[in-house]
1. Pull out all pairs, ordered by first then second residue, where Cβ-Cβ is under 7 Å, the residues are six or more apart or on different chains, the first lies in the range 217-244 and is more than 24 Å from Leu163 (Cα to Cα) and touching a residue at least 12 places away in the same chain (Cβ under 8 Å), and the second is in a helix (DSSP H, G or I) and not β-branched (Val, Ile, Thr).
2. For Ser331, are the conditions met, namely being in contact (Cβ under 8 Å) with a residue 24 or more places away in the chain and among the hydroxyl-bearing types (Ser, Thr, Tyr)?
3. Given the options Pro138, Pro132, name the one that is of a type outside the set (A, V, I, L, M), within 18 Å of Phe287 (Cα to Cα), without any contact (Cβ under 8 Å) to a residue 60 or more places away in the chain and surrounded by 15 or more Cβ atoms within 10 Å (Cβ to Cβ).
4. Looking at Leu315, Leu340, can you tell me which residue is of a type in the set (A, V, I, L, M, F, W, C) and closer than 24 Å to Ala218 by Cβ?
5. Ser89 versus (1) outside the structural domain of Phe212 (by TED's automatic domain parsing); (2) of a type outside the set (Lys, Arg); (3) more than 30 Å from Asp49 (Cβ to Cβ); (4) assigned to a helix (DSSP H, G or I): which is the lone unmet condition?
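The values are calculated or read from the model by the stated rules, or taken from the named source; none is laboratory data. The structure presented is a predicted model; accordingly, all values stated were derived computationally and were not measured. Positions of Cβ are generated from backbone atoms using ideal geometry, with glycine treated the same way; all protein chains shown enter the neighbour counts.
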Amino acid sequence: MPEKPGPDELLEMFRADQHNARLALFTGAELLAAGREEEAVAVWTLGDDADPHLRRIKDDDGEHPLAREHSAQADGAISRFLTDLHQRSLDAWEADGQGAAGRIRNAIWAMTHEREFAYRTPYQEPQVFYVPDLPALPVTPHEQLPWAENVEAYWSDIRDEFLSASREQSLTVPYVPTNIQMPAWRKLSGSLDWSAIYLFKDSRPIAAEKHFPVTHAALDKADLVRVNGVPMEAFFSSLQPTAHIPPHHGLTNARLTVHLPLIVPDDCAIRVGQDTYHWQEGSILAFDDSFEHEAWNRSDSGRTVLIFESHHPDLTPDERAAIEHVFAERSRWIARRTVLLGWHNW
């Protein structure tokens, strides 16, 4: 009878086949049994990247009992480790004199939180990062946005820049990628019915600044969410006639999604929570997209808004910095998983 492969042998096998989520499941279990928990979590999260079903096998009665057992191990270990990482990163940040984490101590990474939790506000379900103690308003009043009027002052010039840039077809891309899996999004998947011209995406500049000097000047007046000084996201969002953005929840309640409406025909609207709002050209609408929301264009011409991310106005400067820190620490750990597994030199 062949000898059962050990953790290092399994690790080498997984290194050669990193899209094999089943192999990741059993490799992580052997590493955990050998007392190598962080390596196990690294393998399991890589497996989860390849197939998010990995952590749900435990709930499938049709699966092999051993696979279900290892899936439960993976789910528990990932949640414990990443919940602890959040707290440890804030401990180090505060000990270094960077600030006071405040309400960010109690923040919840929704997909990997160690304990069960419940959302406190109807319709609000942040999918990634939840700060339970923040005031929950579907739409933020103008008086809480002291920068809004300064941005609105540019709106007609921003519209003109969009109209000019939109003639360059290479700048316009589908907002919903072609590889989306969820049935509700298939109609928009890879479609220009909902399109974007990006200025910034994932904290990287996309469109050349030469196309949008006025827009950049306006954004400098706003309270933008930035990562390492670069705006996290800003883009022109266009919705064609008859297009409908299905109900969904955003990633976090720590930010506002800001719309500066540029071209708004009749019969266009957005629902946030229980209420429906009609965009007014040149008037900012700032909403918490962790509330369920959907949008539609029932007119016979296109609708365009400029979209960017702003901080929740109730966050203190320290709390804003703490959020950026925990996101950076989590991203740093994810980026170095293969180094942790010995697959690269330090």
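1. Val227/Glu324
2. Answer is no for this residue.
3. Within the list Pro138, Pro132, the selection yields Pro132.
4. Going through Leu315, Leu340 in turn, the sole match is Leu315.
5. That leaves (3) as the condition not met.
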